């Protein structure tokens, strides 16, 4: 006879991973997914020149979404949906974000301007709890976090953290921060 605990259906949440072009969304999802991540990467071609932002060394790009799953030790299963970063695919964000509990906005401090649209989308348009994660390319923080917060004009109640999204532990920590922020935000609505 199975115990009541083993028959329990795990709690699940949908988390959107968003940000500008080339900020590390596919890497973020792939770093933590316990399944082979599904992605819609396509080769960048000369047709994209002048349409998509340039990134030295970037040869593939997401054209629809990334998908992965991670089970946290708390029993919570997170379904991760990464958005495409190119402006020409932003129309898909509404479909990707539908039903989400939280969002992780990835930021590249070498190109903060590409992050404004994602911050605005979740803060103003979707009104979805989100955190901002400064991707530590090469494992190095190039700007103080308070300067990043000021530049992005995010409120003090939005968690801002730094993580090298290639590293599973740091990426899991970012997801835990997003879940905690969502729970805190939701609780404050019902007080």
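The values are calculated or read from the model by the stated rules, or taken from the named source; none is laboratory data. Everything numeric in this text was worked out from a predicted model, so none of it was measured. When we count neighbours, we look across all protein chains shown, and the Cβ atoms used for this are built from the backbone with ideal geometry, even at glycine.
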Please indicate, with yes or no, whether at least one residue in segment 171-187 is touching a helix residue (DSSP H, G or I) at 6+ places or on another chain (Cβ under 6 Å), in contact (Cβ under 8 Å) with a residue 60 or more places away in the chain and in a helix (DSSP H, G or I). yes
Would you mind stating whether residue 103 is surrounded by fewer than 20 Cβ atoms within 10 Å (Cβ to Cβ), touching a helix residue (DSSP H, G or I) at 6+ places or on another chain (Cβ under 7 Å) and either at pLDDT 95 or above or in a helix (DSSP H, G or I) (or both)? no
Top-ranked residue of segment 14-43 - restricted to ones that are part of a strand (DSSP E or B) and surrounded by 19 or more Cβ atoms within 10 Å (Cβ to Cβ), ranked as modelled with the lowest pLDDT: 39
Of all residues being assigned to a helix (DSSP H, G or I) and touching a strand residue (DSSP E or B) at 6+ places or on another chain (Cβ under 7 Å) in segment 54-92, which is modelled with the lowest pLDDT? Just the residue, please. 89
Assigned to a loop (DSSP other than H, G, I, E, B) and either more than 20 Å from residue 27 (Cβ to Cβ) or out of contact with any helix residue (DSSP H, G or I) (no Cβ under 6 Å at 6 or more places or on another chain) (or both): is that true of residue 118 in this structure? no
Segment 146-167, subset surrounded by 14 or more Cβ atoms within 10 Å (Cβ to Cβ) and in a helix (DSSP H, G or I), residue farthest from the chain's Cα centre (by Cα): 151
